[in-house]
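Notes follow once the structure below has been shown.
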Amino acid sequence: MLDEVERWLAHRSWSADDRPLDLLLAAKRAAGQWGTISVVLPALNEEATVGAIVAAIRRDLMTPEVPLVDELVVVDSASDDRTAQVAAQAGARVVRRDAILPRLPAVAGKGEVLWRSLLVTSGEIVCFIDADLREFDTRFVSGIVGPLLTDPAIGLVKAMYDRPLETGGEVVAAGGGRVTELVARPLLNLHWPRLAGFVQPLGGEYAARRSLLEQLPFPVGYGVELGMLVDALDLVGLDAMAQVDVGERHHRHQDGQALGRMAATIYHTAQHRLSRGHLVRPRLTQFDRVSEEGFVPRTHSVDTQERPPMLEIGEYVARRAA
Ligand SMILES: O=c1ccn([C@@H]2O[C@H](COP(=O)(O)OP(=O)(O)O)[C@@H](O)[C@H]2O)c(=O)[nH]1
Ligand SMILES: O=C(O)[C@@H](COP(=O)(O)O)O[C@H]1O[C@H](CO)[C@@H](O)[C@H](O)[C@H]1O
């Protein structure tokens with residue numbers, strides 16, 4: 001590991017316990033406008049889990065005694081279940097992805113909704129939390145916004161955690177984060193070794209200053225986390241980035257082929273940054289055994305579209321100037 005990363009781990013890697021809530025609330029008061037916090041949950045068919053996450057954040061972090069979070073928004077990613085109703089009943093403001101910036105028709109993908117969320121939130125600190133988490137602890141939020149409240153030099157904070165691989169509520173292996181371990185961590189270590197200190201580079205729980213996020217392109221799919229780490233490193237440097245240990249994360253796990261498609265788009269996101277030019281062919285062929293036919297190839301396109309920095313969107317600039 002690079003000496004720079006060793007040093008980074010010593011002074012940019014914390015526990016959520018290092019910043020108790022009373023310290024955060026005092027820092028938030030002192031920060032004024034710069035301490036405003038928006039929590040965003042991207043949600044595609046998360047009716048089973050989104051309500052408990054919303055309720056926990058409202059219960060713990062949006063009360064007169066603990067007014068840490070200023071707004072809580074669920075961006076509904078064209079769900080076809082009751083995600084929007086469940087989230088609204090739990091107390092979130094729900095915004096439909098397709099209602100945001102309709103002049104640019106939305107495309108499928110997690111990064112698409114995170115990018116659009118910047119247009120419908122106002123906090124100077126934006127905190128992203130996946131909506132498929134179970135046994136959610138609001139330390140995930142307070143832990144990662146903490147350094148942004150207490151240290152002006154920090155621009156982006158990732159959560160780190162254990163992530164058991166579970167099926168039906170039973171732990172089947174210690175090593176969740178399959179795409180992290182098989183694709184993202186090797187890619188980062190080989191090509192961006194300064195990012196090798198991030199324990200959960202693909203984790204979906206992270207917070208950043210709006211002033212940083214609005215300068216970054218957003219890969220529209222699952223490449224958004226890797227792309228954001230690489231682009232933030234280029235723009236603000238490693239010392240403006242940090243990570244906080246928030247314990248253990250339980251979430252729904254996708255099947256192997258879905259993770260294969262995720263891996264392909266993450267690889268494309270990395271390759272796009274490596275050569276900013278020559279792109280691999282964005283297609284992925286996978287195989288299913290079909291009774292008498294044997295293995296049948298099924299080819300998927302790999303999403304490659306990226307949205308520009310929000311500062312290049314006139315509506316966003318006008319809203320911020322208002
Ligand atoms: O097109 C998409 C894909 C995912 N998500 C949300 O993004 C988060 C992370 O997605 P997912 O759980 O599928 O990723 P994983 O954790 O399995 O890698 C979840 O809240 C999803 O509902 C979304 O809003 N739109
Ligand atoms: O880290 C990973 O390997 C993947 C899959 O996790 P699991 O193997 O299902 O625990 O999950 C993450 O990757 C996505 C792409 O960056 C993020 O969007 C998810 O929030 C994150 O859970």
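The values are calculated or read from the model by the stated rules, or taken from the named source; none is laboratory data. If you're wondering where the values come from, they're calculated on a predicted model, not measured in any experiment. Here the Cβ positions follow ideal geometry from the backbone for every residue, glycine too, while neighbour counts run over all protein chains shown. Calculation scope for accessible area: heavy atoms of the full protein, side chains included, ligands and nucleic acids excluded. Shrake-Rupley method; radii C 1.70, N 1.55, O 1.52, S 1.80 Å.
So what are the three principal axis dimensions of segment 2-321 from its Cα atoms, in whole Å, longest to shortest?
67, 49, 46
Using the C-alpha gyration tensor of segment 193-322, what are the square roots of 5 times its eigenvalues, in whole angstrom, with the largest one first?
Rounded to whole Å, the semi-axes are 32, 20, 15.
Whole number in Å², please: accessible area per residue of the chain, 1.4 Å probe, ligands, DNA and RNA not counted.
Numbers: 13950 Å² over 322 residues.
Heavy-atom accessible area per residue stands at 43 Å².
What angle, in degrees between 0 and 90 and rounded to the nearest 10, separates the Cα long axis of helix 256-275 from the longest principal axis of the Cα atoms of the chain?
The helix 256-275 is inclined about 70 degrees to the chain.
For segment 39-167, with all protein chains present and a 1.4 Å probe, just round the carbon and sulfur fraction of the accessible area to a whole percent. Before the final figure, lay out each step's value.
On the way: 2330 of 4480 Å².
About 52 percent, which is the carbon plus sulfur part of the accessible surface.
Tell me the mean residue ellipticity at 222 nm calculated for the chain from its helices only (DSSP H runs of n ≥ 4, each -39500 (n - 2.57), averaged over every residue, nearest 500). Please report the intermediate quantities before stating the final value.
Details: 11 runs with 113 residues, N = 322.
Computed ellipticity for the chain at 222 nm equals -10500 deg cm²/dmol.
What's the center-to-center distance, using Cα atoms, between segment 30-59 and segment 238-277 in Å?
So the two Cα centres are separated by 21 Å.
Determine the dipole magnitude for the chain: charges of +1 sit on the beta-carbon of Lys and Arg, -1 on that of Asp and Glu, nothing else is charged, the reference point is the Cα centre, and the result goes in debye to the nearest 20.
Working: 35 positive and 43 negative charges, 162 e Å.
Rounded to the nearest 20 debye, it is 780 debye.
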